[in-house]
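The structure appears right after this line, and notes come after that.
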C-alpha cells in the first residue's frame, strides 16, 4: 500500500530524512517512532504529496509520489490527521466536516451519511451545530480524525494523534484507531509514545533521520539483547557460578546473590540451568525471565549512528 | 483547474469572515460612510456661499468618484489577511493542502473570498452615493449626473482592478507575517498610490477624465498581472509548509 525506497529529503543542505526504505501492507497499523526532529513529519508530508522529495522513490497504492497527476490521485486516497488539529474554530463541527467532504467531491447524501456516522461514532453528534472554538482538546482531536475520514480514505496518516491529550481522551482516540484497524484501513501512525505504538501497531519503524529498525514490537524488543534469566539465590556461591558458566549457554554474571544468564531460548534452557544450580548446591529463592522493553530498543536504536 | 473547489473554499472563507464582526465592520463601514459623507458635503458645504459653483461641482464629483477606486484598494485587506494568515494561525493550511486541490484552486478561492464581499460593499456604497448625489445636485445641474461613463470606468474597470491588486499584495505579505493585524495593515498600504493619484489630480497635475482613467486602468492591469505572478510563486505547498513564517 505504501512503499518507499531510499526516500530522502534535504532542506538547504540539511538532511531531514536520509535513504528511508520501507513497505506498509494493506490493513496494517504501521508505527513511525522517533525523537523530535527525526524526520517523521517530513516523511508524512512527502508521502501526502505536500512537499517534494529530494531523491528516492515512494508509491502510495501504486501511484508515484512526486508525479504531478498522481499527487492528486494520492491525495484522494489518503486522509491526514496533522500534528495540529487545524480546525476552523468559528465554524461548527458539521460545517468543518461538510467543507472537507465537498473538497473531496462527495455528494450531499454521501456527506450527510458519513458526517452523521463519524460524529455518532466519536460521540460528537450532540455537538454538531456548536462552534468548534468551544470544544475541549479531546473533542477537537476527535473531530480532527473525523475530518480525515470524511471521504472514506483507504490510507490514514496520523501525526501524533494523542499528543497533549489527557489519558481518557487519548484512550478514546486509540480505541478509535483500533476500530479503524478492524475496518481494514491502512494506518501510518507517527508517534513518540512507545506505549501507544506497542499497543496498537502491527509493526514499528524507528527513525532518526535514517531508518534504524523495522519489525513487530516483539521483534524490536528482542533485537536489543534477547531475554535474560535472573536467578535469586539464598547465598552467593562460586561453585554455582562456575557450574552455570560451564554450561556455555550464554553470558553469565553475578551480582550479590543474583545470577543473570543471557539465554537465547529460556523456555528450553532454564531447566538445564536450574539443574546445574541444584547440583552445585545452590538454593533458589526465585527465577525470572526478563526481556528488554521497546523503550530499551528505541533508546538503543535512536542513538546508533549506523544505518540499518 | 476545478473552479468548484475554488468556490467551495471561497464560500467557507466568507462564512468564517462573516462571523468576525470587526472584519465585517471594516468592509462595510468605509464605503457606507463615504457614500453618505460626500453627498452631505455637497448639500451643506456650499450653503453659506449660496451653493457650489457649477464647474467646481463637477470637478468635486469626479474627485469623489475616485474614492470608489481607493475603497476597494483598502477593504479587501482584512478579509484577505484573515483568509490566509487566519488559516496559518488556526494551523488549518496543512490539512487544506492535503486535499485533492491544486495550489491555483486554493489561491483562487482565497482571492474570490476577499473579492466578493469587497466588491459588493463597494458597489453598495457607490449605489447609495450616486442616488444621494443625484438627489442633491439635480436641482442645480438640471440632470442626473450619475451614472456616467467615467463612473462606469471607475466601478466596472478600475475598482475590480484595484481590488485585485490589493488582494495580490495581501497574499504576498501574508506569506511573510504571522499576525492578522500586521498583514492587514501592510496589505491596505495599496491605497497609497491611489491617494497619490487623487492628490496629483487635486493640485492640477492632471484631470481624472475618461482618457486618464483608462490609462490608469491599463497600468493597474499590468501591475495586477505582475503581482499575480509573484503571489502564485509565493503560494506553493512546499513554501507554505516550510518557509512561511
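Just a few scattered comments:
- Test for residue B:43: is it modelled with pLDDT under 90 and more than 14 Å from chain A (Cβ to nearest Cβ): yes
- Of the residues making up the range A:216-271, just one is in a strand (DSSP E or B), free of Cβ contacts under 8 Å to residues at least 24 places away in the same chain and crowded, with 19+ Cβ neighbours inside 10 Å, namely A:252.
- The set of residues from the range A:57-83 being out of contact with any helix residue (DSSP H, G or I) (no Cβ under 9 Å at 6 or more places or on another chain) and within 30 Å of residue A:303 (Cβ to Cβ) comprises just one member, A:57.
- Test: residue B:181 is under 23 Å from residue B:27 (Cβ atoms), assigned to a helix (DSSP H, G or I) and more than 17 Å from the chain's Cα centre (by Cα): yes
- The test for being within 12 Å of another protein chain (Cβ to nearest Cβ), under 24 Å from the mean Cα position of the chain (by Cα), closer than 30 Å to residue A:17 by Cα and surrounded by fewer than 19 Cβ atoms within 10 Å (Cβ to Cβ) does not hold for residue A:72.
- Apart from one condition, residue A:57 fits all of (1) within 14 Å of chain B (Cβ to nearest Cβ); (2) over 16 Å from the mean Cα position of the chain (by Cα); (3) touching a residue at least 12 places away in the same chain (Cβ under 8 Å); the exception is (1).
- Pairing each residue of the range A:81-100 that is at positive phi with any residue that is in a loop (DSSP other than H, G, I, E, B), provided the two are 6+ apart or on different chains, yields C-beta distances under 8 Å for A:86/B:90; A:86/B:91; A:86/B:92.
- Close pairs from the range B:223-245: first within 13 Å of chain A (Cβ to nearest Cβ) and free of Cβ contacts under 8 Å to residues at least 24 places away in the same chain, partner part of a helix (DSSP H, G or I) and loosely packed, with under 14 Cβ neighbours inside 10 Å, Cβ under 7 Å, at least 6 apart: none
- Total residues in the range A:126-154 satisfying the condition of being more than 12 Å from every other protein chain (Cβ to nearest Cβ) and in contact with a strand residue (DSSP E or B) (Cβ under 8 Å, 6 or more places away or on another chain): the figure is 5.
- Residue that is within 14 Å of chain A (Cβ to nearest Cβ), in contact with a helix residue (DSSP H, G or I) (Cβ under 6 Å, 6 or more places away or on another chain) and touching a residue at least 24 places away in the same chain (Cβ under 8 Å), where the choices are B:171, B:133, B:79: B:79
- Only one of the listed residues (A:83, A:123) is outside any helix (DSSP H, G or I), surrounded by fewer than 22 Cβ atoms within 10 Å (Cβ to Cβ), modelled with pLDDT under 95 and away from every other protein chain (no Cβ under 12 Å). That residue is A:123.
- When residue B:104 is tested against (1) under 11 Å from the mean Cα position of the chain (by Cα); (2) surrounded by fewer than 24 Cβ atoms within 10 Å (Cβ to Cβ), only condition (1) is not met.
- Residues satisfying the stated conditions in the range B:1-17, i.e. more than 9 Å from chain A (Cβ to nearest Cβ), more than 19 Å from the chain's Cα centre (by Cα) and either under 20 Å from residue B:74 (Cβ atoms) or buried (at least 16 other Cβ atoms within 10 Å of the Cβ) (or both): B:6, B:7
- Only one entry of A:15, A:21 meets the criterion of being over 14 Å from the mean Cα position of the chain (by Cα), away from chain B (no Cβ under 12 Å), in a strand (DSSP E or B) and closer than 20 Å to residue A:202 by Cβ, and that entry is A:21.
- Condition met for residue B:131 (closer than 30 Å to residue B:202 by Cβ and out of contact with any strand residue (DSSP E or B) (no Cβ under 8 Å at 6 or more places or on another chain)): yes
- Candidates in the range A:105-115 are the residues that are within 12 Å of chain B (Cβ to nearest Cβ) and buried (at least 19 other Cβ atoms within 10 Å of the Cβ); of these, the one that is nearest to residue A:146 (Cα to Cα) is A:111.
- The range B:196-222: number of residues that are touching a residue at least 24 places away in the same chain (Cβ under 8 Å), loosely packed, with under 15 Cβ neighbours inside 10 Å and in a loop (DSSP other than H, G, I, E, B): 2
- Qualifying residue in the range B:18-40 (condition: touching a helix residue (DSSP H, G or I) at 6+ places or on another chain (Cβ under 6 Å), within 14 Å of another protein chain (Cβ to nearest Cβ), on the phi < 0 side of the Ramachandran plot and buried (at least 21 other Cβ atoms within 10 Å of the Cβ)): yes
The values are calculated or read from the model by the stated rules, or taken from the named source; none is laboratory data. This one's a predicted model, so the numbers in the text were calculated from it and none came from an experiment. Glycine also receives a Cβ, built like all others from the backbone with ideal geometry; neighbour counts cover every protein chain displayed.
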